[in-house]
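Nothing in this text is a laboratory measurement; each read-out follows from the coordinates by a stated rule. Just so it is clear, the structure is predicted and the values come from calculations on it, not from any experiment. Using ideal geometry, Cβ is built from the backbone for each residue, glycine included, and neighbour counts are taken over all protein chains shown.
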Amino acid sequence: MSQAMYILAGVTYYIISVIIIVIILNLINNKEKKKYQKEITSLERDKNLIISSSILSELNKVEALINNDKLQEAYEEWQKRFKEIKDVEVPKLTDALLDIEECFNDKDYKSLNDKIAKAELEIFYVKSKANFLLDEIKEITLSEERNRETITKLKAKYREIIAKYNNSKNDYKEVSGPLELQFENVDKLFAAFEVAMEANRYEEVGKIVKGIDDLVGNLGIVIEEAPTIIIMGRNLIPNKIKDVKNIAERMTNEGYNLDYLNLNYNIEETEKKLQDIFAKLNVLNVEDSILELKTLLEYFDNVYNDFDKEKQAKKIFEEYIRKILVKANKLEKINNGLYRKLDVIKYSFDLTDDDVKIIEVIKEELIAIKKDYNEIVDAHRNKSFSYTRLGKEMENLNMRLSKVEEKLDYALKNLGNLEEDEQRAHEQLDEIKEILTKAKKRINSYKLPIVPNDYYVQLSEANVAIKEMVKEMNMKPVSIKTLNIRVDTARDLVLKLYNTSSEVVKTAAMVETAIVYGNRYRPINKNLDIEMSKAEDLFYQGEFKKALEKTIRAIDAIEPGIKDKLLESIKR
C-alpha cells in the first residue's frame, strides 16, 4: 500500500472518531436536557395545583353558613390568607419558574440545579400553607356531617347504658342518685348540641360533642363495673373481715400468737380503703377500684393461708417437742458413756487427744442443743412467738441434732473398727502363716536342680514381717494404725513369696519338658545341639527363664509354634 493510501486511511479514522464523539456528546446532552425538561414540567404542575377549586368551593360553603360574628371573622381571615397565597405567593413561584426556563434555554446547567432545588422547597412551603388552610375551612364545612355521625353513635351507646340500668336497677341502688343526675346532664348536652348546630356555632359544637363523649364513656365504665364494686365492697370483703376476726379470736384463745399478722391494723386500713372506693363511686369515679378490691380479697385469702400454716406449724412443733428431747437424751447418754471410757480407749488403742476430740465436740454440741431447746419451750409457754416461727426453730434444731447423730455414729463406728481390726489381725496371722506353708510346699513339690536366690530373699522378708506383726500384736497399748500396716506388709510379702514359688516350679517344669522334646533333633542339627547344651547349663544353674527362652528359640527354628505345644503339654 502506498504512502498516500496510509494517509487517507488515517484521515478517515480520525473523521469517524470525531463523528462518534460528537454523536455521544449529543446523546448525553439530549438526555440531560430531557431530564431538566421533565423536572421543570413537574414543578409547573405542582405550582398550578396549589390554587385548587376546593378552597374556593369550601369558602363558598362557609359564606352560606355565616350567622354570627365569630364565624364571619373566621371567614374573612381565611379569605385574606387565600388571597395572599393566590396574589403574592403563587406569582413569586411563577417568576422563579420563568427564571428556571431562562437558565435552561441558556444551558446554564450549573445555576439551573440550584434554582430547581430552591423552587421545589418554595412550592412545598406554599402548598403546605394552602393545604393547612383547606383543612381549617373543612373543619367548619364538614363539621355538621361529622358531628351528626358522632352524636348518632353516642346516642346508640347511651341508649344501651340506660337500658342496662333500667333492667337491673337493684344492682345500682348504691349509686342510683349520682347516675340519674348524670343521665340528666347528658340529656341536656344532647339538647345543647341541637341548639348549637341550628345556630352554626361550630366551635361550641365541638366542645359539646367532646363533653358528651367523655360523659357517656365514663357512664359505660360505671354501669359495667359498679355492680361488681358494690358486691365486693359491701358483701364479699366485709364477710371476709368478719370471718377472719372470728377465726383469729378462736385461734388466739387456743394459744396461737398471731401478732405478726398485724390483723387489726390491716383490717382498719381495709375499711378505710372501702370508704375511699365508695366515696369515689358516689361521684362516678371507678378508676382502679376493682383492682384495689381484688388486691384486698387476695390479702384475706393469704390470711386464710397463714392460718392454715399456723395450724400445720403447731402440729410440727408438737411432734418435734417430744421427738427432739427423747433423741437428745438418748444421744447424750451414749456419748457420756464414751466420754467416761475415754482414758481407757486412748490407752488401749494408743490414741491421741485429736483422735478422740470428736467425743468432746459432740458433748458440747448436745449441751448447746438442749439449751436452745429449753429456750424454745419457754418461748412457747410464754406465747412469745407464732407456731410458724417455733416450728422452724424446732426444724433447725432437729437438723442440728441429726448432724450430731451422724458424728456420734461415725465415732462409734471408728472405735468399733479399732476392736475389729485387732481381732481381725489375729485371724489374718493364721491365714498368712498358712500361705507361707503353701509357698514352701510348692517350692518343694518339684525336684529342682537348685532353688533361686530370689526365693530365699523373699522368704526371709516374709518371716521378718510376720515377726514384726506378732510383736506389734503383743504390745500394750496396741497402735491399730501401726498394726494394720504390719498386717498389710506381712500379707503382701507372703503372697509375693507364694507367687514366686509357683512361677519357679512352673518355669522349671516347662524347661525340662522342652529339653526332653528338643533332644530328638540334636543328632540332625548341630546348632540346635549346641544351644540345647547351653540351655541345660542354665537349667542346672537355676536360670530357668533364660534356659526356657534359649530352648524354645532353638526348637522354634526347626519346628515353629513349639511354645504353644509345650504350654498345652504342661496343662495336660
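The slack in the chain from residue 440 to residue 156, taken as 0.36 nm per residue of separation less the alpha-carbon distance, amounts to 90.3 nm.
The stretch 150-184 and the stretch 484-500 have Cα centres separated by 105 Å. For the stretch 220-281, the spread of Cα positions along the three principal axes, ordered from largest to smallest, is 51, 16, 12 Å. Here residue 396 and residue 287 are evaluated by their C-beta separation; at R0 = 45 Å the FRET efficiency comes out at 0.40.
Rounded, prolate or oblate for the stretch 207-348? Axes are the square roots of the Cα gyration tensor eigenvalues, ordered a ≥ b ≥ c, and the cut-off for rounded is a/c under 1.5.
In terms of gyration-tensor shape, prolate.
For the peptides 486-494, 280-288, the ranking by packing is 486-494, 280-288, with the highest mean count of neighbouring Cβ atoms within 10 Å listed first.
Each residue of the stretch 524-538 is assigned a 3J(HN,Hα), and the resulting list reads 9, 9, 5, 4, 4, 4, 5, 5, 5, 5, 5, 5, 5, 4, 4 Hz, derived from the Karplus form 6.51 cos²θ - 1.76 cosθ + 1.60 (θ = phi - 60°), x at Gly and Pro.
Pairs exceeding 29 Å between alpha-carbon atoms, taken from 83/118; 506/534; 357/392; 273/315: 357/392; 273/315.
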